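Here is the structure we will look at.
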């Protein structure tokens, strides 16, 4: 074991005795001393006073039988040799051994020679010798991170459906039928010319001149010929006015059966007028923000023949359904939660997308937040250079004014180790990072970039999850990352960020609709250790080095020359002090999560999923 590692192990072993044990030991010591001081000298030799001696049981002890039987004592010893386990340890040649020369007993000797220099007179803790260094508490320290929210235009996408139907109009009208000819008892054809031209009257063919004169009360002459008088049947949609009877041979006659000039009166049906009613879909079809999805679908085709106003009308489809994808811009703001968070303060704005005129339509509001420390409530532990006081097997540490030299030395040793382990011989750089990112819909509920928002986790737990693969990572990542559509890489980033390994670079718009940002990506530089990340953050600040842009983050390490320019004494390493204690713990958080999941699955299998 190297010297600095042995030193860290020693740090972990030197923990203070609880305060109540110290106080109790001192109180018992004072009470006992007072009782001895105040006792009468004759009391110590008074009759029966031996019974006041702690542990005294009189002279009738079992071992007295060996006073006159030395051989029996020998036999009893041999018997114990083979039956007493403690005896076996003593004579065991392979029992653990240690070299006294490797243990520094100088502090114990100093306490023995001059205890008041450590404890002070009157048992008060006020010695002048020794130097104690505080050890980090368990758990995680507070950490600063950046969280974002949005304000501006929100694109709302919705699916709209509408149905177009057929309009069928069937018209019934009253008609008047006239028999016309050039001569005879029939209506005179020339009187209908204007009505035929206007469409009021339509020709329905010819009729037998000779065979129909009887309808007017006449008898056809023997030489009557049907083809001689230009007969025509006219059907008119109104009763024709202006017709009069005449006494000449050529006249318009009255039909005796109707008492009028028309032959018959009836009802006729006009051809069905079929049109498509598109009004239900007009608002979507005429909207440039709506795009039709696929082809229209016939949604009403049974029955194909329907009776409309007493007339049967046959159509293969009577209604069609159309589907549109429509977008709408609305003002939105989801920053209320961050604004109300006492751990977060507004830092700056970034524009994610712009209108054609250059004005910003979506802002990313960046807040600086602090994750509270999650340390334990154990009392402060110290590493003391000789400042240790022990009574009756219980030790107390004398608290001194602590310096940061021990912690800084630990960081320096760790930094030198990382310099060796994280040197890239191909590029000749130190503490290289990796570009990583995650997505979050603007104004959306899904957030694959939760990270430190969900709280920090210890390095040991995170390392165990990463070593365990996707299942272990999902068990430790922010819970809803597993529920929603977040990739394995995003879950891994979530764990790394909560371990304190990642530096937030920025956010950029990754998807737009109608020029408005609808999805964004956060960019990070992630490193192999929290110490590497701190060295990069504070080192770049010293060297005025950029992190690049959100779309193209610069996660390159330091060159050897750049690293030589860094002043480590000006850096704040408080955040990593806990790592040296956490590294010695057994990371059982992930194993516990997986075990719980397995037990749930076994329960459901046993009970048939109920």
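Structure values in brief
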{"quantity": "Residues that are within 52 Å of the chain's Cα centre (by Cα) and touching a residue at least 24 places away in the same chain (Cβ under 8 Å), drawn from the range 294-316", "calculated": "294, 296, 297, 299, 300"}
{"quantity": "Test result for residue 197, in contact with a strand residue (DSSP E or B) (Cβ under 8 Å, 6 or more places away or on another chain) and more than 30 Å from residue 315 (Cα to Cα)", "calculated": "no"}
{"quantity": "Some residue of the range 241-264 being within 30 Å of residue 316 (Cβ to Cβ) and touching a residue at least 40 places away in the same chain (Cβ under 8 Å)", "calculated": "no"}
{"quantity": "Flag for residue 451 being buried (at least 16 other Cβ atoms within 10 Å of the Cβ), at pLDDT below 90, at positive phi and under 20 Å from the mean Cα position of the chain (by Cα)", "calculated": "yes"}
{"quantity": "Conditions (1) in a strand (DSSP E or B); (2) on the phi > 0 side of the Ramachandran plot: number failed by residue 294", "calculated": "(1)"}
{"quantity": "Filtered residues of the range 134-168 (kept if farther than 30 Å from residue 521 by Cα and at pLDDT below 90)", "calculated": "134, 135, 136, 137, 138, 139"}
{"quantity": "Wholly enclosed strands (runs of 3 or more DSSP E) of the range 325-410 bearing at least 1 residues modelled with pLDDT of 90 or more", "calculated": "344-354, 360-371"}
{"quantity": "Residues located in the range 219-237, provided they are surrounded by 15 or more Cβ atoms within 10 Å (Cβ to Cβ) and free of Cβ contacts under 8 Å to residues at least 12 places away in the same chain", "calculated": "220"}
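The values are calculated or read from the model by the stated rules, or taken from the named source; none is laboratory data. Here the structure is a predicted model, which means the values were calculated and not measured. Note that we place each Cβ from the backbone using ideal geometry, even for glycine, and neighbour counts take in every protein chain shown.
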